[in-house]
Amino acid sequence: MPEFWVASGHHLTQLDAQGRMRVTDDLLRAWLARPELLPPPEACAAERALHARLLDRPRDPVPAPAIAALADADALENWRLFLSLRDLLLREGTIEAGYAAIQRDGLRLPQVFLAQLVQLILRNALDGCDDPHTLRAAECLFRP
């Protein structure tokens, strides 16, 4: 069966013994390539350095002063949100447990991050599904 929803990043995760998705460095790198986190040409040196460091070592702790050093307020907010999501997922151990924690604790994240998690969870749950109608219906849960 052909791969579906390649952009979900499912192929960048690793399944644990229960079939839940563990966060991998490659998945984190793919998220770092998103336009919300990719430093634009006019980004400050601190933002470019942070991005480069995390591309090399996506699990590195990022101290608050490193975020506070970012010159652009939008970039600062995007990095805070991304790092809070990354840290929660790493702490919880799987995408599924992380999503449950987000819902349980009421963590507020941008829609783009929540949609990414829902797409990943659905992609994993529907692995092996070859019914295009089911797959299209499932897309309604994460596409606007």
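Observations on the model:
- Residue 93 open to solvent by less than 30 Å² (accessible area, probe 1.4 Å), within 23 Å of residue 143 (Cβ to Cβ) and not β-branched (Val, Ile, Thr): no
- Where residue 65 falls short, out of the listed (1) surrounded by fewer than 12 Cβ atoms within 10 Å (Cβ to Cβ); (2) in contact with a Cys (Cβ under 8 Å, 6 or more places away or on another chain): (2)
- Residue 90 being closer than 23 Å to residue 18 by Cβ and out of contact with any Pro (no Cβ under 6 Å at 6 or more places or on another chain): yes
- Positions within the range 10-43 being aliphatic (A, V, I, L, M), surrounded by 14 or more Cβ atoms within 10 Å (Cβ to Cβ) and more than 13 Å from the chain's Cα centre (by Cα), in sequence order: 43
- Complete set of residues in the range 44-62 that are open to solvent by less than 30 Å² (accessible area, probe 1.4 Å) and over 27 Å from residue 94 (Cα atoms): 47
- Enumeration of residues in the range 101-126 that are among the charged types (D, E, K, R), at pLDDT 95 or above and either surrounded by fewer than 14 Cβ atoms within 10 Å (Cβ to Cβ) or touching a strand residue (DSSP E or B) at 6+ places or on another chain (Cβ under 8 Å) (or both): 104
- Residue list for the range 68-78, restricted to those being at pLDDT 95 or above and surrounded by 18 or more Cβ atoms within 10 Å (Cβ to Cβ): 70
The values are calculated or read from the model by the stated rules, or taken from the named source; none is laboratory data. These numbers were taken from a predicted model, which means no experiment stands behind them. Don't worry about glycine lacking a Cβ; one is built from the backbone with ideal geometry, like all the others, and counts go over all protein chains shown. Areas reflect the complete protein model, heavy atoms only, side chains present, ligands, DNA and RNA absent. Shrake-Rupley method; radii C 1.70, N 1.55, O 1.52, S 1.80 Å.
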